[in-house]
Amino acid sequence: MLATPSAPLKHVVVAISGASGAVYGVRLLTLLRNIGCVKTHLIVSEAGWLNVAQELDDSRADVLALADVVYPVHVVGAAIASGSFQCDGMVIAPCSMRTLGAVAHGLSDNLITRTADVMLKERRRLILMVRETPLNLAHLRNMTSVTEMGGIIFPPVPGFYHRPQTLLEMVDHSVSRVVDLLGLPQEHAQRWAGLSTKI
Ligand SMILES: Cc1cc2nc3c(=O)[nH]c(=O)nc-3n(C[C@H](O)[C@H](O)[C@H](O)COP(=O)(O)O)c2cc1C
């Protein structure tokens, strides 16, 4: 736990959509929980649950237990769907091309895309861990649109310079950069200390 008891509480929305990489959402929830001053609000799309089942050993209950508040994806009347809710940031981890497209076009067709729309209109931090490969022109244009609106496109592309030994290390490397982008403190993030002199 990093935060002192007096640290102000931060509200962060985490959405898991139906792209491959449900582990990114799960690890993000875990890292945010460890920070100690963050209240997490979780939304999982129907396709997101398919990928949790396909890719992880965690049950639905395991994933839900990582969050402080959980919302069904179709309940667009939830508190977080309003700009009056004082939210400090939102991360869609992973973000499917469908959800990216819906955000890019302001569709607000479920609670994930509505909350993302609110983040953009209120000029708050919105991070999309987009995952697809290769990318077609629609994907690229949608990423450009979201960037123009102030969102951050963060494909979880692993780096190898820190010599990851496990899948979890690769995942956490990306997720801890996202936590940095949210402006939250973290104790165990790996930091680049310059090139090795062995070259
Ligand atoms: C096993 C599996 C893997 C998928 N991987 C991806 C992916 O990496 N990227 C993507 O954009 N869509 C992927 N999809 C397709 C999305 O789940 C699908 O477009 C869905 O409609 C997205 O809905 P959502 O954005 O509401 O979660 C995958 C689907 C399945 C079943």
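If I filter the range 131-149 for residues that are within 26 Å of residue 70 (Cβ to Cβ) and either among the acidic types (Asp, Glu) or surrounded by fewer than 17 Cβ atoms within 10 Å (Cβ to Cβ) (or both), do I get at least one hit? No, there is no match, as no residue in the range 131-149 is within 26 Å of residue 70 (Cβ to Cβ) and either among the acidic types (Asp, Glu) or surrounded by fewer than 17 Cβ atoms within 10 Å (Cβ to Cβ) (or both).
Restricting attention to the range 8-22, the residues being assigned to a strand (DSSP E or B) and either buried (at least 21 other Cβ atoms within 10 Å of the Cβ) or near the ligand (Cβ under 9 Å from one of its atoms) (or both) number 5.
Candidates in the range 46-77 are the residues that are touching a residue at least 40 places away in the same chain (Cβ under 8 Å) and away from the ligand (no atom under 16 Å from the Cβ); of these, the one that is most open to solvent (accessible area, probe 1.4 Å) is 66.
Please give the number of the condition residue 80 fails out of (1) open to solvent by less than 10 Å² (accessible area, probe 1.4 Å); (2) within 15 Å of the ligand (Cβ to nearest atom); (3) not basic (Lys, Arg). Here residue 80 clears every test but (2).
Every condition in (1) crowded, with 22+ Cβ neighbours inside 10 Å; (2) out of contact with any strand residue (DSSP E or B) (no Cβ under 8 Å at 6 or more places or on another chain) holds for residue 101 except the one numbered (1). Cβ-Cβ distances below 6 Å connect the following pairs, each with a first residue in the range 86-97 that is among the hydrophobic types (A, V, I, L, M, F, W, C), a second residue that is away from the ligand (no atom under 14 Å from the Cβ) and open to solvent by 10 Å² or more (accessible area, probe 1.4 Å), and a separation of six or more residues or different chains: 87/11.
Suppose the filter is buried (at least 18 other Cβ atoms within 10 Å of the Cβ) and under 17 Å from residue 39 (Cα atoms); does residue 91 pass it?
yes
Do we have any residue at all in the range 32-45 that's part of a loop (DSSP other than H, G, I, E, B) and crowded, with 22+ Cβ neighbours inside 10 Å? Scanning the range 32-45, I find at least one residue that is part of a loop (DSSP other than H, G, I, E, B) and crowded, with 22+ Cβ neighbours inside 10 Å, so the answer is yes.
The values are calculated or read from the model by the stated rules, or taken from the named source; none is laboratory data. Keep in mind it's a predicted model, so treat the numbers as computed, not measured. Cβ: placed from backbone, ideal geometry, glycine included. Neighbour counts: every protein chain shown. Ligands, DNA and RNA are excluded from the accessible area calculation, which covers all protein heavy atoms including side chains. Shrake-Rupley method; radii C 1.70, N 1.55, O 1.52, S 1.80 Å.
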